[in-house]
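Reviewing the structure listed below.
Just so it is clear, none of the values below were taken in a lab; they were calculated from the coordinates. Keep in mind that what you see is a predicted model, and the values were worked out from it rather than measured. Counting neighbours? That spans all protein chains shown, and the Cβs are built from the backbone with ideal geometry, glycine included.
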Amino acid sequence: MAGFVLLHSPLVGPSTWKWVAEELRNLGDDVYVPVISPSSMSQGWEGVVSEVLTQLPVASNLVFVAHSGAGPLLPTIVDRSNAREATLVFVDAGVPAMDVSTPLLPPELLRHLAPTAEYGLLPPWSEWFGPDVMSSLVPDADKRELVGSEVPRLPLDYFSGLVPPVRSWPTDRNAYVLLSDGYLEDAQEARRRGWPVVELLGQHLDLVTKAPEVARAIVEVISAG
């Protein structure tokens with residue numbers, strides 16, 4: 001039996017992990033899903049890290065799994081936690097660099113989004129790429145409503161922060177699960193570092209729509225490490 005800590009992206013909410021968490025619990029595993037609040041993001045990425053740390057279980061041999069925008073913060077969270085013998089899994093997530101600082105959003109996308117901010121707040125992520133994107137990513141109306149209800153309006157300033165180089169990686173047990181083309185470069189970086197990679201190419205929110213497959217991929221990539 002494993003203990004999983006599932007970290008959702010600050011751009012969405014904890015329900016993105018709801019269905020994968022259920023699959024892992026059905027396998028007999030303990031699962032924890034820390035909640036990142038909009039208030040913590042007003043303090044930058046350090047505020048997010050601090051909030052997550054207050055919600056971690058006191059346990060060893062935990063598997064930390066980060067999706068999307070939680071990826072760049074994952075090594076710092078694990079390094080500052082009391083977790084020992086941890087495993088890190090990035091699921092369609094950004095992998096922070098080891099020699100330069102890592103932006104929380106691609107600079108070109110940030111420049112595109114900046115003019116859409118109102119009173120310092122960006123529109124919800126679900127509106128960044130057009131009105132039909134969420135219907136495409138999450139066809140099930142009930143799931144889409146739940147996930148969409150948790151998407152916050154983030155402070156534009158949050159994305160001005162940079163994650164310092166992670167020169168001292170907290171563990172040598174790392175892995176990657178690729179869900180979409182948008183994270184091919186991160187998966188390639190994981191391979192360059194010698195991590196096991198499982199490709200489950202589909203959509204970025206397949207952890208919502210294909211939870212059994214994503215849960216199996218997480219278990220598979222851990223076993224391959």
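Across the chain, the relative contact order, built from alpha-carbon pairs under 8 Å that are at least six residues apart, equals 24 percent. A full extension of the chain between VAL35 and GLU145 corresponds to an added length of 37.8 nm, given 0.36 nm per residue minus the alpha carbon distance. Annotation: the antiparallel percentage among DSSP beta bridges lying fully within the chain is about 15.
Taking amide hydrogens as placed 1.01 Å from N in the peptide plane, the amide H of VAL63 sits under 5 Å from those of GLY3, PHE4, VAL5, THR87, each at least 5 positions away in sequence or on another chain. Among 63-71, 40-48, 24-32, the peptide with the highest mean count of other Cβ atoms within 10 Å heads the list, and the full ranking is 63-71, 40-48, 24-32. Labels on offer are (i) 56, 44, 37; (ii) 46, 39, 32; (iii) 45, 41, 37, and the one holding Cα extents along the principal axes in Å computed from this structure is (ii).
Computed 3J(HN,Hα) for segment 119-135, one whole-Hz value per residue from the Karplus formula 6.51 cos²θ - 1.76 cosθ + 1.60 where θ = phi - 60°, is 6, x, 10, 7, x, x, 3, 5, 10, 5, 10, x, x, 9, 5, 5, 5, glycine and proline marked x. Modelled label positions at ARG173 and ARG111, each set 7 Å beyond Cα in the direction of Cβ, lie 4.3 nm from each other. The Cα atoms of segment 126-225 give a gyration tensor whose axes a ≥ b ≥ c have a/c of 1.5 or more with a/b no greater than b/c, which makes the shape oblate. Under 1.5 on a/c is rounded, so check that first for segment 82-163, then, if it is not, pick prolate when a/b is larger than b/c and oblate when it is not; a ≥ b ≥ c are the square roots of the alpha carbon gyration tensor eigenvalues. Oblate, since a/c reaches 1.5 and b/c is not below a/b. Applying a length cut-off of 18 Å (Cα extent along the axis) and a mean Kyte-Doolittle floor of 0.5 to the DSSP H helices of the chain leaves 211-224.
Backbone geometry of segment 151-157 corresponds, through the Karplus equation with coefficients 6.51, -1.76 and 1.60 at θ = phi - 60°, to 3J(HN,Hα) couplings of 6, x, 8, 8, x, 4, 4 Hz, x marking Gly and Pro.
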